[in-house]
Amino acid sequence: MAYRAEMFFNYNGSTMCLLFYKSWVFYVVFMDVLDCLEPMHGCHLPSIVPINGYLRQPGDLVIGGTFPVHLDRSYTENTFTSKPEDLKCKLFELDNYQRMQAMMYAIEEINKNPDLLPNITLGYQILDTCTILRRAIVGTLWMLSGGKESIPNYHCEQRATLAGIIGDAASTKSILMAHILGLYRYPQISYSSTSPTLSNRKIFPSFFRTIPNDVFQSRGLANLILYFGWSWVGFLASDNDYGQLSLLAVKQELINAGACVAFIETIMTSQANRNVPHIIKVIKGSTAKVVVVLASKPEFLPVVEELARQNVTDRIWIASEAWSTSNLLSKEKYQHVLMGTLGFAVHAGQLPGFMEYLNSLHPSKAPNDSFIIEFWEQLFSCRWINHLNLDDKTNNKTAHDCTGEENLGKSMLKVDFGATFMVYTSVYAFAWALDSLLHCQQRKGPFHNGCANILSFDPWQLLHYIKRTRFQTKDKTNIFFDGNGDPPALYDIVNWQISSTGSLAQVIVGRYDSSSTDENIMSLNHAGIVWVNNKTMVPPSKCSSSCSPGFMKVAIPRKPICCFQCVPCPQGQISNETDAVNCYPCSWDMWPNLQQDACLPRPIEFLSYSEALGMNLATIAIFSSVVPLGILGLFIRYRTTPIVRANNWSLSCLLLISLCLCFLCSFAFIGYPQLDKCLLRQVTFGLAFSLCISCVLAKTITVVIAFKATKPGSQLRKFTGVQVSYTLIVLCLLIQVSICVTWLTSSPPFPEYDSNTQSEVIILSCNEGSPTAFWFMLGYLGLLATISFIVAFLARRLPDSFNEAKYITFSMLAFLSVWISYIPASLSSRGKYTVATEIFAILSSAWALVVCIFLPKCFIILFRPDMNSKGLLMKKNHG
């Protein structure tokens, strides 16, 4: 015969055990909780450690609370050869005790308020969970059971209904508690658990919190780090949900923004020393000056103690809200380590009257408070007689006995109003939800049977009201929960500075508000921040020193992207910002300065009259053009003399005029290259020299014809006239004209900005249009000069009366030498020097003609008039 035993609540203060056997149901009512447990003695689990470290206050409704009043525990090695020792907590923590008192203060305040829950008295069950996960689980079951022992699925409390639980501080403990409370739909409101996991309503349907989700803090911490330009950051995280989930979120935000992680170390909370020596070694060995700590104060405390012992003072600590306002870490002995710390703290609301409430505490007034003795001993560094303090270290440091006359008002007790405010609002969230349940109108109730009984309601009925709770605190702070049970995110940014008393104080230097616009989410008072060692400048934290403008970052193989080398920008490119990833070229009319951090206007280069080279060439050209005119004047004056008449007077005059034009055509190459100047300069040069070389060729051929015509019966007599010479000149000149006309019509020269030949300047020059036409024109001049040279060379042995051919030979040799040298010189020169080279070739070749052809004649005319006689010329002719 199968039978089943079950127990349920009847909500009238008694507990019923039900036994089903076939069709009979036996009801046995047990008024005493221990009697209720007796039938289960044959099928119960081994008894667990009795709950200790708790406070109780009766009431019509009870709110549970869990607080880690102690921050550590006694570590003992279990050999399992004997019964394991009970878990013992140690290291009393003032901040968490104040949080616990905030809950008691809020309940006392609500009970005195006639407008909130009238005729209903709230009580509490408060448990010290220490840092032990097992205590959080056991405590949760203990509160649900309502007895001296915690029994799953049984409620043995005869007097008050458990409304819900406030707690815990640590996310890991809250997650474990939420799994259990969620099964029964008991509301749970945490004041300090920030893990994003707890926002999952499918897994944690009855979890709420008055502290923001860590997702917002993670973004805020990342923004804070990036705000100061820190790209090389280390991480310390506890090995629980809070530390590891926060680590993932902050790290990802930083990586997405281009920062790098120098190291990640996990604080092992299961070990007595929490692997502290290894962590300190990593911190000291890293070049990262900024370390983000995602852990609670008891988890970080051993690290701080070792940092203080080894005098590690050159790090900037970024604190999560779990320890950013810790009184425990604000002691004077830690100030050289933690001064300059920046952190996110839960926005501190106002608690009017709370300080007076704390100052009124006294061991004699709270005989049921098992923690107030430790609170008193730690605050006043004294020892109560016959009281065993769990923290042996405190006893060793105690110098005197407590008298009970110590004054809390003069103790300089610091209150973390941010954390206590979260607890305070958690209690009020329960109170307002219960008040809504109390004032439910029967016919308008949300449930199928109307309203719930305030003294005997199901947990899920209260959960309905908590989801819709919205109220204002005394300082006008709006409190409500979103669909995930989260409140709005509002943080204070605090900076740890040395106060006037010599201890560390958390000074608010900014705010982070997720409900603001993107531009105003984070605001900082930069000038109010005090850095480590009282520095005023923001300390850098980078893997590699910043690349100054003019350089770019080049990644180092097998290193994070924040580790790089600084390489100068390539020629012609600049970077005008620090830590530039790439260099970029200047525009075509700009060029980098010497530092390659700015683009400067590129000077336009051309051969101008304002510079020395252009001025000198122009001066030489003017002087040179005067020389042929002077010789022409000399020839006109001495035109009747034999030496002038013997050298073809008319051709000599035309040759001198053409030489003057050759010198003057140099001016077409100097100055700003405009379109008309580009069109005419090479043409002018080509025609002037064609006329000049044609005259020389005509003179040479005239000499040869004249010599040949003197022979008897020569047919060349009819070619000795000047018409032949002019016809030859015109013919040679027409050929050059046709070349130039064809050039100008098919591909005329034009002004051109050349930004590629020389990187520093823009060369403004004349593009010849068709290089073939230019070299063809110049080649034609070379052809005329070559023919003149050959003819003159062959005629150099003629009688002395016609010895001009010898001078023409030298002149053509010099002319050809100049222009043959010009070809490689022009190809190797750049910019204005190419133009200067051509001008020099023009002047040199023209001077070669003047010197070789006319200088000997001028010497005879001016300095040897005795040789300028027909008789002497004839004498030489016979000699």
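What distance in nm lies between label points placed 7 Å from Cα along the C-beta direction at Lys284 and Lys202?
4.9 nm
Determine one quarter of the surface area of the Cα convex hull of the chain, which equals its mean projected area, and express it in nm² to one decimal.
66.4 nm²
Only four residue types carry charge here, +1 at the Cβ of Lys and Arg and -1 at the Cβ of Asp and Glu. Report the dipole size of the chain about the Cα centre in Debye, rounded to the nearest 20.
5940 debye
What part of the accessible area of the chain, given as a whole %, is carbon or sulfur when the probe is 1.4 angstrom?
Carbon plus sulfur share of accessible area: 59 percent.
Could you tell me which residue out of Ala431, Thr313, His347 lies farthest along the dipole of the chain toward its positive end? Charges go on the beta carbon: Lys and Arg +1, Asp and Glu -1, centred on the Cα centre.
Going by the charge dipole, the pick is Thr313.
How many percent of DSSP beta bridges within the chain run antiparallel, rounded to 5?
Once the DSSP bridges in the chain are tallied, antiparallel ones form about 60 percent.
Tell me the per residue accessible area of the chain using a 1.4 Å probe; a whole number in Å² is fine.
47 Å²
What's the magnitude of the charge dipole for region 110-235 around its Cα centre, counting Lys and Arg as +1 and Asp and Glu as -1 at the beta-carbon? Answer in Debye, nearest 20.
Result for region 110-235 is approximately 180 debye, rounded to the nearest 20.
Please tell me which of these pairs span more than 28 angstrom C-alpha to C-alpha: Lys88/Lys281; Lys281/Lys414; Lys83/Lys173; Lys83/Lys365; Lys90/Lys476?
Lys88/Lys281; Lys281/Lys414; Lys83/Lys365; Lys90/Lys476, as the Cα separations exceed 28 Å there.
Would you mind working out the magnitude of the charge dipole of region 478-548 relative to its Cα centre, with +1 at each Lys and Arg C-beta and -1 at each Asp and Glu C-beta, to the nearest 20 Debye?
500 debye
Modelled label-to-label distance, Leu827 and Asn520, 7 Å Cα→beta-carbon offset: nm?
The two pseudo-label positions are separated by 7.4 nm.
Along the positive direction of the dipole of the chain (beta-carbon charges: Lys, Arg +1; Asp, Glu -1; about the Cα centre), which of Gln565, Thr834, His362 reaches farthest?
Thr834
With N denoting the number of residues in region 757-839, provide Rg(C-alpha) divided by 2.2 N^0.38 Å, to two decimal places.
That works out to 1.48 for region 757-839.
From a point 7 Å beyond the Cα of Cys566 in the direction of its Cβ, which residues of region 522-544 have a backbone N at a distance under 18 Å?
538-544
On a 0 to 90 degree scale, rounded to 10, what angle separates helix 171-184 from the longest Cα axis of the chain?
50 degrees
In region 831-856, whose amide N lies under 16 Å from the spot 7 Å out along Cα-to-Cβ of Leu613? List them in ranges.
831-843
Take Leu594 and Lys476, extend 7 Å from each Cα along the Cα→Cβ direction, and tell me the distance between the two endpoints in nm.
The two pseudo-label positions are separated by 6.3 nm.
When only Cα pairs under 8 Å and 6 or more residues apart are kept, what is the percent relative contact order across the chain?
9 percent
Between Leu248 and Asp754, what is the FRET efficiency for a Förster distance of 60 Å, r being their Cβ-Cβ separation, to the nearest 0.05?
0.55
Provide the packing ranking of 569-576, 533-540, 244-251, 164-171, i.e. peptides ordered by the mean count of other C-beta atoms within 10 Å per residue, highest first.
164-171, 244-251, 569-576, 533-540
Would you compute, from DSSP H runs of 4+ residues alone, the mean residue ellipticity of the chain at 222 nm, taking -39500 (n - 2.57) per run and dividing by the full residue count, rounded to the nearest 500?
Counting only the DSSP helices, I get -13000 deg cm²/dmol.
Between 0 and 90 degrees, rounded to the nearest ten: what's the tilt of helix 804-828 against the longest Cα principal axis of the chain?
On a 0 to 90 degree scale, this one is about 10.
Hey, can you rank 470-480, 56-66, 730-740, 219-229 by average C-beta count inside 10 Å, highest first?
Put in order of decreasing packing, that is 56-66, 219-229, 730-740, 470-480.
For the peptides 786-794, 131-139, what is the packing order when you average, over each peptide's residues, the other Cβ atoms within 10 Å and list the highest mean first?
Final packing ranking: 131-139, 786-794.
Working from Cα positions, state the angle (0 to 90°, nearest 10) between the long axis of helix 94-112 and the longest principal axis of the chain.
Between helix and principal axis, roughly 60 degrees.
At a Förster distance of 41 Å, what's the computed FRET efficiency of Ala555 paired with Val530, Cβ-Cβ distance as r, to 0.05?
Here the calculated transfer efficiency is 0.70.
Choose one of Gln271, Leu127, Ala249: the residue whose Cα lies farthest towards the positive end of the charge dipole of the chain (beta-carbon charges +1 Lys, Arg; -1 Asp, Glu; about the Cα centre).
Comparing the listed Cα positions along the dipole, Ala249 ranks first.
The values are calculated or read from the model by the stated rules, or taken from the named source; none is laboratory data. Not measured: the values here are computed from a predicted model. A quick note on method: Cβ atoms are made from the backbone with ideal geometry, for glycine too, and the neighbour counts reach across all protein chains shown. All accessible areas refer to the heavy atoms of the entire protein, side chains included, with ligands and DNA or RNA removed. Shrake-Rupley method; radii C 1.70, N 1.55, O 1.52, S 1.80 Å.
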